[in-house]
Amino acid sequence: MSNDLNNRFRRGLESGQTQYGLWLGIPDNSIAEMMACAGFDWLLIDHEHGPYELRDVMVSLQAMSAYDVAPIVRPANGDTALLKKFCDIGAQSFLVPMIDTADEARAVVEAVKYPPQGRRGLGTSMARAARWNTVPDYINRANDEMCVIVQAESVTAIENLDAIANVDGVDGVFIGPSDLSASMGHAGNIAHPDVVETVGNAIKTVRAASKYAGLLCLDAAKLPHFIDCGANFVGVGVDTLLIGNAARNLVRQVKSADKNAPGDAGY
């Protein structure tokens, strides 16, 4: 294992090239490794909605470490103790959900950074992140390689977006279209014109604050619009959907080609 603290996700954003990634919702190291060598710029381990425990997240980080892909962790929430655990097992890039105010964003920054910038606790002798005290000067170098992305996904967050984006230590803001659509009264309809417009304007607000902006966009036809708005990183798929859709499509193909097969049975 290398002692290099280089944060691939930060370097990718700094390159100016749009960074494309995939959501991981299946807590399996083989899935993580398979997706890590697929060519994505980043992979997000979804501890919020996926059935991941702390050890599952660490195993996924280990599986990805041999590949040229940037891992991001989305914790279930911004709890300080939880974020400390994720930092210690080696997470450097975070996408923290349900951030509605600048104070909440500031608390996340403080949780993942050592003093004086934050209040992350020191436990490097037990930390994979510090290679168990073998990374030279880890404590003084770690803060600079942390990447904090907060997630704005409510009407309240959009109202406070400029203040959130301007919090010192927040590197970027991810606009969550699904929960935002629900907050706007269009639950499940992320294609509603009002939602699309709000997401686009939010991206522009974040970029105006000189911060990185991202979103999840599973509709390839809408992707150019959000890139034009200034999105720096975009989630373009989810492992559960890729596998599930591929399986269903295979069943359709096989059964449609077999004249002796029973009816489509709902396929």
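The values are calculated or read from the model by the stated rules, or taken from the named source; none is laboratory data. Small disclaimer: the values here were computed from a predicted structure and weren't measured. Note that each Cβ is placed from the backbone with ideal geometry, even for glycine, and that neighbours are counted across all protein chains shown.
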Report task. Filter region 36-53 for residues that are outside any loop (DSSP other than H, G, I, E, B) and touching a helix residue (DSSP H, G or I) at 6+ places or on another chain (Cβ under 6 Å) and give the result. Result -> Ala36, Trp42, Leu43, Ile45
Query raised in the report: Inside region 183-212, can you point out the residues that are surrounded by 19 or more Cβ atoms within 10 Å (Cβ to Cβ) and touching a Gly at 6+ places or on another chain (Cβ under 6 Å)?
Result: Ile203, Lys211, Tyr212
Query - Filter pass, Ala81 being among the small types (Gly, Ala, Ser), within 22 Å of Thr124 (Cβ to Cβ) and surrounded by fewer than 18 Cβ atoms within 10 Å (Cβ to Cβ) - result: yes
Report task. Determine whether Val167 is in contact with a helix residue (DSSP H, G or I) (Cβ under 8 Å, 6 or more places away or on another chain) and surrounded by 15 or more Cβ atoms within 10 Å (Cβ to Cβ). Result -> yes
Report task. Working only within region 69-83, note down all residues that are over 12 Å from Ala107 (Cβ atoms), in contact with a Lys or Arg (Cβ under 8 Å, 6 or more places away or on another chain) and among the β-branched types (Val, Ile, Thr). Result -> Val69
Query - Selected residue (only one of Gly200, Gly235, Gly244, Gly214 is in a helix (DSSP H, G or I) and within 22 Å of Ala105 (Cβ to Cβ)) - result: Gly200
Query raised in the report: Which residue, of Asp100, Asp56, is surrounded by fewer than 23 Cβ atoms within 10 Å (Cβ to Cβ), farther than 29 Å from Glu159 by Cα and among the charged types (D, E, K, R)?
Result: Asp56
Query raised in the report: Quick one: which of Gln62, Gln17 is surrounded by fewer than 18 Cβ atoms within 10 Å (Cβ to Cβ), modelled with pLDDT of 95 or more and either assigned to a helix (DSSP H, G or I) or touching a Lys or Arg at 6+ places or on another chain (Cβ under 9 Å) (or both)?
Result: Gln62
Query raised in the report: Would a scan of region 21-43 turn up a residue that is surrounded by fewer than 17 Cβ atoms within 10 Å (Cβ to Cβ), closer than 22 Å to Gln151 by Cα, of a type in the set (Gly, Ala, Ser) and without any contact (Cβ under 8 Å) to a residue 40 or more places away in the chain?
Result: no
